Structure formats: C-alpha cells, structure tokens
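The values are calculated or read from the model by the stated rules, or taken from the named source; none is laboratory data. Values in this document were obtained by computation on a predicted structure and should not be read as measured data. Note that we place each Cβ from the backbone using ideal geometry, even for glycine, and neighbour counts take in every protein chain shown.
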Amino acid sequence: MSAAFRLHQLTPADVPLLRALNALFAEAFCDLEAYGAEPPSDIYLEALLAKEHVMVLVALVEQRVVGGLVAYELDKFERARRELYIYDLAVAAVHRRQGIATALIKHLREIAAERGAWVVYVQADYGDEPAIALYDKLGVREEVLHFDIEVVSKSPGCG
C-alpha cells in the first residue's frame, strides 16, 4: 500500500526541501557529481526560489521529499506568450507508479494556465521508457535533437 502524498510549491523559506529534492535528483539520475559536487549557498537558493520564472514543486510523504520537478517560464518573442519547460523531474524509486509524476505535471499545468502559458514541454532521454510512456500519455511527442554548446570564457591578456 502506498503512502498518501501532498504537493507543495517551494518558496524562499523552503531551502531544506530544495536540498532534499536535489539529493533525490542526484540519486534518480545517478549523477552525484552534477547534483552534489558544488552545492550553492542558502542565500543563492533563497534568491532562486524567489524568482517568478522558477517553479519548484515537490511531492511530500509526511515531511519527506519523494518526488519533484523544476520548471522555468520562458517568455517568447514571436507572440506575446510564454512556455513552461520542465528541466528536471524525478520520483524516488520506492514511490514510483503511484501517480506522483502525473500529479506534479498536472499541478504545473494548472500553474501554467494561471500564468497564461500556452504549453508545458519536457525532454526525455532515449531509452528512458518510463519517462517516455508518461509523457506520451500526457502530451504530443516531437522528435528533436538536443545539443549542448560549450561556453568558452575569454582568457585575460592581449586580445
């Protein structure tokens, strides 16, 4: 039997919950380096959670983070509208298949509607069949290529 969960949108007062979500992401994505090597300060995280375009939702069982998502609102230029991009979404392994990810996305869609967004979008990795099945159930698949373009900083000196 699964424990009941509740959803909560993080505010600047919720830095400990954001840190718990980050630890969940590190475990779920098997990427301790990216999610744990250089944790930002509480001040940085409070400022991040205060930004209107940053949305962080968590699923809690009792007061423990068992799932969550981070989304960003993007203002568009071609029309006066916005999109919400789900950057990260994960549920702890023992709490999967209980409707948590679907509930998180449903709640984000409600926020998107309140903000006048026209779409919520998310990417999935090839081979991540559970995520692909969830997103197929909720939306329309688009085949795209994703590229990471390295940022090169200028070196000091002559130039």
- Task: With the condition kept exactly as written, say whether any residue in the range 82-101 is in a helix (DSSP H, G or I), on the phi < 0 side of the Ramachandran plot, surrounded by 10 or more Cβ atoms within 10 Å (Cβ to Cβ) and under 14 Å from the mean Cα position of the chain (by Cα).
- Result: yes
- Item | Failed condition for Arg97, given (1) of a type in the set (D, E, K, R); (2) in contact with a Ser or Thr (Cβ under 9 Å, 6 or more places away or on another chain); (3) under 18 Å from Leu21 (Cβ atoms) | (3)
- Note on the structure: By residue number, the members of the range 112-131 that are part of a loop (DSSP other than H, G, I, E, B) and hydrophobic (A, V, I, L, M, F, W, C) are Ala117, Trp118, Ala124
- Answer residue from the range 102-124, given it is surrounded by 16 or more Cβ atoms within 10 Å (Cβ to Cβ) and of a type in the set (Gly, Ala, Ser) and is farthest from Ala34 (Cα to Cα) among those: Ala117
- Query: Out of all the residues in the range 135-159, which are within 20 Å of Ala103 (Cα to Cα) and either surrounded by fewer than 10 Cβ atoms within 10 Å (Cβ to Cβ) or at pLDDT below 75 (or both)?
  - Reply: Asp136, Lys137, Val140, Arg141
- Hey, Leu74 hits all of (1) aliphatic (A, V, I, L, M); (2) surrounded by fewer than 19 Cβ atoms within 10 Å (Cβ to Cβ); (3) within 17 Å of the chain's Cα centre (by Cα); (4) more than 23 Å from Gly139 (Cα to Cα) but one; which does it fall short on? (4)
- State all residues of the range 25-53 that are in contact with a helix residue (DSSP H, G or I) (Cβ under 6 Å, 6 or more places away or on another chain) and more than 15 Å from His95 (Cα to Cα); if no residue qualifies, say none. Ala26, Leu32, Tyr35, Gly36, Asp42, Leu45, Glu46, Leu49, Ala50
- Of the residues Leu60, Leu49, Leu17, Leu24, which is closer than 25 Å to Asp75 by Cβ, at pLDDT 95 or above and of a type in the set (A, V, I, L, M)? Leu49
- Residues that are touching a Leu at 6+ places or on another chain (Cβ under 7 Å) and either surrounded by fewer than 18 Cβ atoms within 10 Å (Cβ to Cβ) or acidic (Asp, Glu) (or both), drawn from the range 1-51: Arg6, Leu7, His8, Gln9, Thr11, Pro12, Asp14, Ala26
